[in-house]
Amino acid sequence: MEPDVSSAMLRRVEELQRLADSIAEHHPYWPTLHFTLQLLRTIVENWNRDFTKEEHEELMWVAEKIVESVKRIQPRGTEK
């Protein structure tokens, strides 16, 4: 992928991050959105190179945070 395309993707991710940061953090979907955008940003920032071991571990940690946050979302009809 051309560097200008990865730069364009990064700008869009940053726009989404600013938008997400401007909404209420108490919304039940906010953590999922936050960690998903964090994962996406890391992937786009490294689009043109391989990940280091540490970066890969960070990706795995963020992916786990996404899964944890999705598990906390209550399906319709199961609210407590």
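The values are calculated or read from the model by the stated rules, or taken from the named source; none is laboratory data. Source: prediction; values computed, not measured. Ligands, DNA and RNA are excluded from the accessible area calculation, which covers all protein heavy atoms including side chains. Shrake-Rupley method; radii C 1.70, N 1.55, O 1.52, S 1.80 Å.
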Quiz item: In segment 28-62, how many residues are open to solvent by 40 Å² or more (accessible area, probe 1.4 Å), farther than 21 Å from Val5 by Cα and part of a helix (DSSP H, G or I)?
Solution: 10
Quiz item: For residues in segment 63-73 being open to solvent by less than 50 Å² (accessible area, probe 1.4 Å) and in a helix (DSSP H, G or I), which is farthest from Trp47 (Cα to Cα)?
Solution: Ser69
Quiz prompt | Subset tally (residues that are under 14 Å from the mean Cα position of the chain (by Cα) and open to solvent by less than 50 Å² (accessible area, probe 1.4 Å)) for segment 1-13 | solution = 2
Quiz item: Hey, any hits in segment 20-27 for a residue that's modelled with pLDDT of 90 or more, open to solvent by less than 100 Å² (accessible area, probe 1.4 Å), part of a helix (DSSP H, G or I) and small (Gly, Ala, Ser)?
Solution: no
